[in-house]
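What follows is a set of notes on a single structure, which appears directly below.
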Amino acid sequence: MLEEKYKFGPRVFLVPPPCAFPRAPTAVLEEHATLVDRAREWLVFAMGETLAHPLFPSVMASTIERHADGSIERDLVDRAYRWRLDDFHGLRRELKAAPEEEDAFPIVVLSPDAVSLQLVRIDSRARSKVPRLSVARRDVIVEPRRQQHWESGAWTLTRWSYPGEDAEARYGWTRTPDPPRDEDDVVERVARFYEPRIDRLVRHWLGLGAEIDDLLVFLCSMECCGDNVACLERRKAVSEVAEYPTIARAIGEDRRRDRVPVFVKTESYEGLYWLSVSQDGTAALDPSPALVAKETKLVDPNDTWRFERIDWSREPTPRGTAIDETFYRLIRSSDAEIDAAIAMAHFDPATERRRGPGLRESVVVAMSERLGELPGGDR
């Protein structure tokens, strides 16, 4: 897969953003809703006892799949589940990220035409012996089931199709996230990705009467179980940072009352950020991490910043076929230049844009046959 060449694993900020897809056909959305509704009893049984675990919302998910032969397969898996889900970038980003609604349980629904993410809740306070299941959000993410991805330089290209009257394959592209420069960059990008969430969490606790210097934000980003963000009482979080004396000492010696420590934990490295809170309540992370330490119980504070720097220069992707060369030029073209290329291929640009996001395969093939007339040949 696209991220496996990266030293730091498929973190949420390394999964390419999804292309802009049109709304899935109504029949597909209705089928996914029906599959969830019919699985309510099974979901209650599977989730009932495990929801009591405080980490359950952040590490578990369910899959419901209708196969082409009509059979239905259900499973309970960890949220970092990757089998058959690697092609769905929007879904993977959502599952890898820390859940925004911690009491909601994610369900991945797969059918031959589409894949979607639904959120459900179990109301254990219901006045019945059997907990009730309610749908918190339907269609959080909906993507075509048929997707193919490949890289072209710094871009990820996607070929996809939906069923229906206009089932022709389409193409789109998004920028491929740059790999981390080093361990410092991993810690920084994880922290920056969740900065808005951290800000909301701290504001919530301050609104409940907590003091700034009583709080610690724990941000865990693990390939094995996805991400998790929690706001803890600083004195109760001692055990979380005790193995990293450099960071623990920096937190323990802090005497400022206008900032909250943000402890970032990954598989191999831990980092400390400070979230500064102004008098008007606005909060912002410091420009760079205060500390980054290797995962070891004995960290020499003098070695905190000594790391092997990795050369992450990206080799250009070789371009062979006319289709590849066509995309190499299109992704470097302006909207006006793309419209001109569509017209040059004897299609109407306005009509193509109205037909939905992405370029139809017949349009791309026609462009590739007139390759010498496309813009961007000298770039």
Scan region 264-281 and report the pairs whose first residue is without any contact (Cβ under 8 Å) to a residue 60 or more places away in the chain and more than 14 Å from ALA248 (Cα to Cα) and whose second residue is surrounded by fewer than 22 Cβ atoms within 10 Å (Cβ to Cβ) and basic (Lys, Arg), with Cβ atoms within less than 9 Å and a gap of 6+ or a chain change. SER276/ARG256; SER276/ARG259
Can you confirm whether region 83-106 contains a residue that is surrounded by 18 or more Cβ atoms within 10 Å (Cβ to Cβ), part of a strand (DSSP E or B) and either of a type outside the set (S, T, N, Q) or at pLDDT 80 or above (or both)? yes
For region 220-230, how many residues meet the condition of being in contact (Cβ under 8 Å) with a residue 60 or more places away in the chain and surrounded by 18 or more Cβ atoms within 10 Å (Cβ to Cβ)? 5
Among the residues of region 322-372, the number that are closer than 21 Å to THR174 by Cβ and assigned to a loop (DSSP other than H, G, I, E, B) is 8
Tell me, which strands (runs of 3 or more DSSP E) wholly within region 151-269 include 1 or more residues that are in contact with a helix residue (DSSP H, G or I) (Cβ under 8 Å, 6 or more places away or on another chain) and more than 20 Å from PRO16 (Cα to Cα)? 215-222, 226-233, 259-265
Would you please name the residue that is nearest to ASP87 (Cα to Cα), looking only at residues in region 160-172 that are surrounded by fewer than 19 Cβ atoms within 10 Å (Cβ to Cβ) and in contact (Cβ under 8 Å) with a residue 40 or more places away in the chain? GLY172
Do you know which of the residues in region 111-150 that are more than 30 Å from TRP173 (Cα to Cα) and not in a strand (DSSP E or B) is modelled with the highest pLDDT? PRO131
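Condition check ((1) on the phi > 0 side of the Ramachandran plot; (2) surrounded by fewer than 20 Cβ atoms within 10 Å (Cβ to Cβ); (3) modelled with pLDDT under 75; (4) among the aliphatic types (A, V, I, L, M)) across all residues:
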{"position": "PHE263", "(1), (2), (3), (4)": "no, no, no, no"}
{"position": "THR266", "(1), (2), (3), (4)": "no, no, no, no"}
{"position": "LEU272", "(1), (2), (3), (4)": "no, no, no, yes"}
{"position": "LEU275", "(1), (2), (3), (4)": "no, no, no, yes"}
{"position": "ALA284", "(1), (2), (3), (4)": "no, yes, no, yes"}
{"position": "PRO289", "(1), (2), (3), (4)": "no, no, no, no"}
{"position": "THR296", "(1), (2), (3), (4)": "no, yes, yes, no"}
{"position": "ASP300", "(1), (2), (3), (4)": "no, yes, yes, no"}
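The values are calculated or read from the model by the stated rules, or taken from the named source; none is laboratory data. What you see is a predicted model, and the numbers here were worked out from it, not measured in a lab. Here the Cβ is made from the backbone with ideal geometry for all residues, glycine too, and neighbour counts use every protein chain on show.
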